[in-house]
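One structure below.
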Amino acid sequence: MEDVGSYYIRMLTNIDLFRGETVGLSIIFAWLGLFAMVYLFILASLILRARPSAAENQFMFLLLIAEGFKVSFDWKFLYPFGPEIMPMVQYIRVVWWFFLILSLLLYVSICAFYPVRFLRFMSRDGIRNNLYWGLPFLSGLIVALMLTQNGGIVGAFGGIGHVICLDANSIPQVTLYPGTKEIAASCFNIPEYHPYAYFTTESTSLGTLLLFSQVFFAMIALGFMKSAQRTLENEGASIEKATEARALFIGFSGKVVFQGAMVAFMIFLSAKFGQINFADVAKYIGNESVIGIYMVGLYGFVLSILATALFEGVMFTYAILKNEILGIDERLRKTFSTAVFASTGGILFLVASEIMESMIGIGWVGGVLIGLPLIVLRKPIFSFINGFSNVIMPESFTSEEQKYLEVYEMAMDDSIITTKERRMLDFQAKSLNLDPSRVQHLESWFDSNTSTDEEE
């Protein structure tokens with residue numbers, strides 16, 4: 001098979017959902033999953049670094065790590081791997097299922113940190129302080145039982161096959177992991193799409209049930225957070241704690257609504273056409289509506305996993321850290337912006353280099369053509385990305401910061417801060433125990449938003 005760059009270009013330029021030409025789309029989702037995983041790991045590290053010994057932070061760290069690993073499931077499309085890596089793929093699938101089960105346990109255990117009336121016992125120190133190791137242990141135990149009771153990986157989670165189609169008229173070269181059911185693969189009669197290779201995985205009934213149950217467990221967590229929010233508000237608890245519960249409620253709402261809709265659609269497709277994998281698509285050639293509908297459902301489901309995981313990650317981090325670290329909103333946005341800029345630049349650099357290598361045999365020319373504009377236009381690009389990050393991660397302030405902003409707003413009524421007003425503001429900041437750098441950020445934020453409102 002040709003070099004990776006040429007393979008990427010050919011797959012990406014020949015995507016057609018209604019003909020089943022979707023290897024290029026899988027490549028895109030594989031990279032998106034990798035970037036999403038890295039981003040969620042960064043958020044997890046922020047949470048743990050804030051308070052390493054706090055049970056709540058350890059819990060959320062585990063949850064984001066689990067969500068991060070879950071979004072990387074399409075990694076095998078990052079490179080046109082051969083069948084020799086199938087044992088590694090299967091072992092990684094076991095790890096993936098471990099984290100999926102762990103995430104389900106974490107969903108229903110979140111009530112340990114937010115009061116749910118009929119589950120008050122979960123908030124006992126003996127329980128909540130041991131969840132960070134107890135839940136991974138339980139998840140590992142469940143996976144081990146599934147493997148032993150079902151005769152190994154294939155029996156528990158399904159088999160895997162590798163298919164190579166060298167040309168439009170060739171018989172597909174199929175390699176199956178031991179124990180995997182035979183598949184009826186065929187090659188598409190589309191010359192420009194060849195050669196190509198892909199992995200096709202099967203799922204057991206238990207695996208499918210666990211996969212779709214994420215929405216059900218998220219609904220349970222959603223109910224817990226709504227109950228906790230009401231309890232905290234009715235009991236006159238801290239506003240910050242009630243706000244945390246609300247942010248977590250919103251995070252789980254995204255998973256329930258978006259991913260729930262896609263799960264319902266996939267259940268409908270399975271009931272109508274049966275379980276379809278990549279190898280089965282070929283038998284529907286000539287019936288483009290069936291292929292198109294199935295592919296929309298499949299990749300819509302994949303997109304829902306990625307999108308909801310990122311949304312959860314932002315909301316969960318926002319909930320846990322916004323009242324503990326001064327300027328966490330700004331840090332999150334900067335981290336997000338840097339990650340987007342670096343990942344996008346890296347992809348463009350790689351693609352451009354491979355294109356130039358294929359066209360003129362000098363790959364570094366493509367790197368220069370992409371690298372120089374990115375360097376020259378770095379500020380406006382960052383400005384654009386920051387604008388987007390401000391939308392998905394709006395500024396949030398503690399009650400003390402809000403009080404300071406109220407006083408600052410009154411002082412800025414005439415758009416001028418007098419010496420007397422500055423003394424008053426300094427005294428207010430000192431009484432509220434606000435750091436000077438944070439005060440500067442608050443005032444800059446107020447001034448920029450005020451000017452924006454006036455322009456509109």
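For the reader, a short list of remarks on this structure follows.
- Label point distance in nm, TRP445-PHE118, each placed 7 Å from Cα along Cα→Cβ: 3.9
- Zone residues, the range 41-82, relative to TRP133, backbone N less than 20 Å from point 7 Å out along Cα-to-Cβ: 48-49, 51-66
- With the convex hull of the Cα atoms taken as the outline of the range 4-322, the averaged projected area works out to 17.1 nm².
- Low-density loop cleavage sites - GluC sites (Glu not before Pro) in the range 1-105, where at most 15 other Cβ are within 10 Å (DSSP): GLU2
- Applying 1/(1 + (r/R0)^6) with r as the Cβ-Cβ distance of THR175 and VAL95 and R0 = 25 angstrom yields a FRET efficiency of 0.70.
- Whole-Hz Karplus values for the range 408-422 come out as 5, 4, 5, 5, 8, 4, 9, 6, 10, 9, 7, 4, 5, 5, 5 Hz, taken residue by residue from phi with 6.51 cos²θ - 1.76 cosθ + 1.60 and θ = phi - 60°; glycine and proline positions read x.
- Of LYS70/LYS226; LYS241/LYS403; LYS76/LYS181, pairs whose Cα-Cα distance is over 23 Å: LYS70/LYS226
- Net charge of Cβ neighbours under 11 Å - reference ALA30; Lys, Arg +1; Asp, Glu -1: 0
- Here the calculated FRET efficiency for LEU145 and PHE382, from their Cβ-Cβ distance with R0 = 56 Å, stands at 0.65, rounded to the nearest 0.05.
- Rounded, prolate or oblate (a/c below 1.5 giving rounded, otherwise prolate when a/b exceeds b/c) for the range 4-51 by Cα gyration tensor: prolate
Readers should treat all values here as calculations from the given coordinates under stated rules, not as data from a laboratory. Just so it is clear, the model here is predicted, and its values are computed rather than measured. Quick reminder, even Gly has a Cβ in these numbers, built from the backbone with ideal geometry, and neighbours come from all protein chains shown.
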